[in-house]
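Input: a single structure, listed below in structure tokens.
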Amino acid sequence: MSATPAPPAQSASPDCDLLIKGALSSTLTESARPARRGGENGKILECRQISRCPGAQRRFCQGKIVTPGLIDAHVHVFEGMGPIPVNADLYCLERGVTTAVDTGSTGYAGIAAFKKYVIRPSATRIFALLDINGFGVMMGLAGEYGNLDWVNSQSTARAAEENKPDVVGIKCRLSKETRGQTISKS
């Protein structure tokens, strides 16, 4: 019978460049509790009492909650395109959101610009649902699905496939306002 190898020894003082002290940690599986966190290159190393972390910058956050980055599953962040989009970093990061899913701000016609001007330069990690309408909601058009010339499932599928992993799905809004007509009852 062979012995099970011992787990690698953990350092009593991990290397880190930031030590957050006095904050409460928060996870979905446990209640908030006092903790110190060591961070390196933007990653949390540990969530436990760390006795020391030589050379680390220290932040004292008494009474604050430290939590993993949040995910906003419905945003419009194609800033400047249409009536509702916001700047991803200004809107998301100050709210603790580090990952966001833009839900249809653009379609196949604008995905290249969305990637170039929004996804790539943003500190917020952004994924996109590609609107089945070639223009998406960025134009702020009422009845955007009323003109079926703007809806092209083949172009949408091709753009989604070509723009993985940034595009994670397709958005199609189904309401009388987006179709530009009412449904008659028989």
> By how many nm would the segment from Ser155 to Lys116 lengthen if fully extended, with 0.36 nm per residue of separation less the alpha-carbon distance?
Replying inline: 12.1 nm
> When you count, for each residue, the other Cβ atoms within 10 Å and take the mean per peptide, how do 158-165, 105-112 rank with the highest first?
Replying inline: 105-112, 158-165
>> Order Phe114, Phe60 by their accessible area, 1.4 angstrom probe, all chains in place, largest first.
In response: Phe60, Phe114
>> How much length would be gained if the chain were fully extended between Asn147 and Thr67, taking 0.36 nm per residue of separation minus their Cα-Cα distance, in nm to one decimal?
In response: 24.3 nm
>> Could you sort the peptides 69-75, 166-172 by per-residue average Cβ neighbour count (10 Å cutoff), highest mean leading?
In response: 166-172, 69-75
>> Could you work out the percent of alpha carbon pairs in region 47-138 separated by over 23 Å, rounded to a whole number?
In response: 36 percent
> In what order, largest first, do Lys21, Lys64 sit by accessible area if the probe radius is 1.4 Å?
Replying inline: Lys64, Lys21
> Using the beta-carbon distance between Leu24 and Asn87 and R0 = 30 Å, what value does 1/(1 + (r/R0)^6) give for FRET efficiency, to the nearest 0.05?
Replying inline: 0.55
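The values are calculated or read from the model by the stated rules, or taken from the named source; none is laboratory data. If you're wondering where the values come from, they're calculated on a predicted model, not measured in any experiment. So basically every Cβ, Gly included, is an ideal-geometry build from the backbone, and we count neighbours across all protein chains shown. Please note that ligands, DNA and RNA were not included when accessible areas were found on the heavy atoms of the full protein model with its side chains. Shrake-Rupley method; radii C 1.70, N 1.55, O 1.52, S 1.80 Å.
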